[in-house]
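The values are calculated or read from the model by the stated rules, or taken from the named source; none is laboratory data. Bear in mind that the values here come from a model prediction, so they are computed numbers and not experimental data. Counting neighbours? That spans all protein chains shown, and the Cβs are built from the backbone with ideal geometry, glycine included.
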Ligand SMILES: [Fe+2]
Ligand SMILES: [Fe+2]
């Protein structure tokens with residue numbers, strides 16, 4: 001188990017709020033109560049976003065949240081959710097964000113940041129009515145409004161909601177901008193990556209519900225991704241190791257976008273084309289929003305369900321053209337949505353088309369889409385294919401499926417052991433794959449940030465080059481013997497991002 005950044009004295013981005021008191025006596029209990037409050041807030045917010053408050057599911061979600069709120073008050077005497085940068089606090093406890101369940105955390109962090117809200121105070125007099133009115137107004141006052149927080153405060157006062165109050169941000173969220181250093185690129189990459197999942201979710205939900213979803217916000221985000229990839233794509237590529245089946249569609253869309261832009265850059269596409277590629281990649285699976293969830297989450301589909309699933313490219317292309325009109329951007333996006341499951345040899349789906357090779361952008365997205373899909377663990381927790389096996393499969397078994405030149409370039413772009421992978425070296429040291437190999441012809445010899453020494457003891461992280469040759473031994477100084485997904489090693493995504 002590698003030593004994490006906080007433990008070796010590196011500054012953490014997640015420091016307690018300034019008004020927080022000393023740490024709790026029972027951190028595990030506080031953490032459990034905090035998770036319950038946040039998890040139930042997520043559920044009630046999502047449920048009331050979809051159903052009327054009178055709906056039985058809404059009532060259950062409201063009751064569950066009020067129960068979690070009561071439990072928290074009974075133990076800690078207060079119930080406050082605070083957000084800072086990418087961290088979520090309940091009272092003075094920072095909640096760990098695990099790989100499997102980060103949807104609730106991200107939703108709340110993003111939703112509060114989007115509305116420029118720093119804290120939500122749930123008072124002792126909180127009622128069912130307060131909660132339902134608050135959430136209705138909360139959904140109405142999102143980041144598309146010019147002053148969402150002050151607008152929400154006025155609306156809450158007008159509606160006489162007294163059990164919930166909101167506070168200003170106590171620390172301004174970081175915004176991606178021109179990077180002056182590696183640290184800036186890294187921080188901007190982390191911010192942009194999580195924002196892209198949020199924006200993908202918003203776009204697709206608005207799209208599905210028919211609430212005017214326009215390309216503008218997605219486009220702006222894709223341009224930031226293109227700029228960051230041009231400066232240093234290492235952090236963004238490492239972040240694509242984050243998989244979340246519960247939010248598969250949104251995380252997958254962000255991952256496919258980042259991977260496609262990185263591959264497009266390796267191919268030498270110019271900035272304008274990279275922006276178009278990124279947008280098409282982000283929206284390639286938009287047709288999935290029209291497929292029932294049970295078809296998307298279950299293994300072993302019936303022939304009929306399979307047929308339904310295979311309609312998503314056509315549904316996606318149709319929906320884009322219907323929703324966005326026949327502009328150049330929408331036609332390109334529609335084409336990628338339509339072609340991303342077509343094979344080089346004309347197989348794949350949709351079937352029955354005149355034989356015509358897919359466009360370059362569709363070929364790129366076919367590769368990144370396949371790679372991200374097969375390396376995402378299914379909800380049943382079955383074993384998943386490793387990145388190394390996925391790449392091997394694509395190189396050796398995918399000649400008729402994928403463009404072999406693009407596949408080779410993809411392997412060189414992300415490396416045989418992708419950035420962000422945890423590795424055990426033959427010296428006994430462990431570390432995280434930090435940068436690509438210094439020699440582009442050796443994708444399996446990346447630079448690794450060492451976190452534990454040969455005796456397994458944590459060390460302040462330092463970077464080594466696996467391409468270094470030891471003349472005396474006539475062998476490489478260090479080699480990888482085992483690789484692990486970050487989700488197997490880190491219980492908190494923040495610790496993972498700190499180490500990138
Ligand atoms: Fe797809
Ligand atoms: Fe996909």
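Just one of (1) out of contact with any strand residue (DSSP E or B) (no Cβ under 6 Å at 6 or more places or on another chain); (2) surrounded by fewer than 21 Cβ atoms within 10 Å (Cβ to Cβ) trips up residue 482, so point out which.
Answer for residue 482: the failing condition is (1).
Could you check the range 57-94 and list, in sequence order, the residues that are modelled with pLDDT under 90 and assigned to a strand (DSSP E or B)?
Those that are modelled with pLDDT under 90 and assigned to a strand (DSSP E or B): 82, 83, 84, 87, 88, 89, 90, 93, 94.
Going by what's in this entry, would residue 348 be described as within 16 Å of ligand 2 (Cβ to nearest atom) and at positive phi?
Judged against the criteria, residue 348 is a match.
Please specify each residue of the range 124-141 satisfying the condition of being under 32 Å from the mean Cα position of the chain (by Cα) and in contact (Cβ under 8 Å) with a residue 40 or more places away in the chain.
131, 132, 135, 136, 138, 139
Among the residues of the range 288-307, which ones are farther than 18 Å from residue 200 by Cα, free of Cβ contacts under 8 Å to residues at least 60 places away in the same chain and either within 15 Å of ligand 2 (Cβ to nearest atom) or in contact with a strand residue (DSSP E or B) (Cβ under 6 Å, 6 or more places away or on another chain) (or both)?
Within the range 288-307, just 295 meets the criteria.
Return the residues of the range 143-170 that are without any contact (Cβ under 8 Å) to a residue 40 or more places away in the chain and within 27 Å of the chain's Cα centre (by Cα); say none if nothing qualifies.
Hits for the range 143-170 are 143, 144, 145, 146, 147, 148, 149.
With the requirement that a residue be closer than 23 Å to residue 443 by Cβ and not in a helix (DSSP H, G or I), what does the range 474-496 give you?
474, 475, 476, 477, 478, 479, 480, 481, 482, 483, 484, 485 - these are the residues of the range 474-496 that are closer than 23 Å to residue 443 by Cβ and not in a helix (DSSP H, G or I).
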